[in-house]
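The numbers here are math on the coordinates, done by the rules we state, and not lab data. It should be emphasised that the depicted structure is a prediction, and the values quoted were computed from it without experimental measurement. Cβ coordinates were reconstructed from backbone atoms using ideal geometry, including for glycine residues, and neighbour counts include every protein chain displayed.
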Ligand SMILES: [Zn+2]
């Protein structure tokens, strides 16, 4: 009888420490040249819709409130992963320091969505974290893939600055199908209308490109999903997600949710959405 009781106890504790434990996500927004008031609820819904996450939102003070911004210091250590929907003025030094340290030590993961990679051009460590982002032509090297799938580098100062020289629906091509996030994705899938970011620039250190998209604007394959190792921290980065409609895509949803799980834990248990797009057909999420 005692043995049976012990077994039951073990089973109970394994359950509460395992599958039932949700990943704690903090979305940061509050300033963005995009409509963060509309997109944060979509990010939250996509994440919570998987039942794998709990999501809190930290909204920064509005622009030009320097004193309030110095005090803006969400308790990052309470979370497993930060998702940035922020593209605004610099945070205070205390928050920058918290963020750098926790990420570098692998205590939190980081997810960069679309215009979040436009932020903090003058923050050296941020550029290391995101690998590459929306910077002028002198803001670092750029990386693209040629038609043979070979990585090509353009030096800082050469070529064009960052932009979105094509906007519309486009195909995403998986370049590394063995990564936990992309495993099982069709090697090509159709994304709904979005800005196709090109000429992302930065230090490009410890970057792994998982997927690209051919831009009709630049005529090359632009990085569309990538990871960055920042110390012990995992960063997941996608320049997709210009607006709520671009996020209402089962391809974006699968990418975001699995990317967030991976950044938090280093593994992916979430299956791809059953509505995931194919090489032939996009798969918008109905608005409701
Ligand atoms: Zn945009």
Given only helices, namely DSSP H runs of n ≥ 4 each adding -39500 (n - 2.57), what is the per-residue ellipticity at 222 nm of the chain, to the nearest 500 deg cm²/dmol? -7500 deg cm²/dmol
Over region 137-183, consider all pairs of different Cα atoms and compute the Kirkwood hydrodynamic radius from their mean reciprocal separation; express it in Å, one decimal. 13.0
With label points set 7 Å from each Cα along the Cα-to-Cβ direction at residue 75 and residue 24, the distance between them in nm comes to 0.8
I need to check one value: relative contact order of the chain, counting alpha carbon pairs closer than 8 Å and at least 6 residues apart, in percent. 18
Under the 7 Å Cα-to-Cβ spin-label approximation, residue 278 and residue 124 lie apart by a distance in nanometres of 5.1
Using only the Cα atoms of the chain, build the gyration tensor, take square roots of its eigenvalues as a ≥ b ≥ c, and label the shape rounded, prolate or oblate: rounded if a/c is under 1.5, else prolate if a/b is larger than b/c, else oblate. oblate
Under 19 Å from the residue 216 label point (7 Å along Cα→beta-carbon), backbone N, region 184-202: 189-199
Under a point spin-label approximation (7 Å from Cα along Cα-to-Cβ), what is the residue 229-residue 64 distance to one decimal in nm? 4.5
How high is the relative contact order of region 131-253, given as a whole-number percent (alpha carbon pairs under 8 Å, six or more residues apart)? 27
Suppose R0 equals 45 Å. What FRET efficiency, 1/(1 + (r/R0)^6) with r the Cβ-Cβ distance, do residue 97 and residue 288 give to the nearest 0.05? 0.60
Roughly what % of DSSP beta bridges within the chain run antiparallel, to the nearest 5? 60
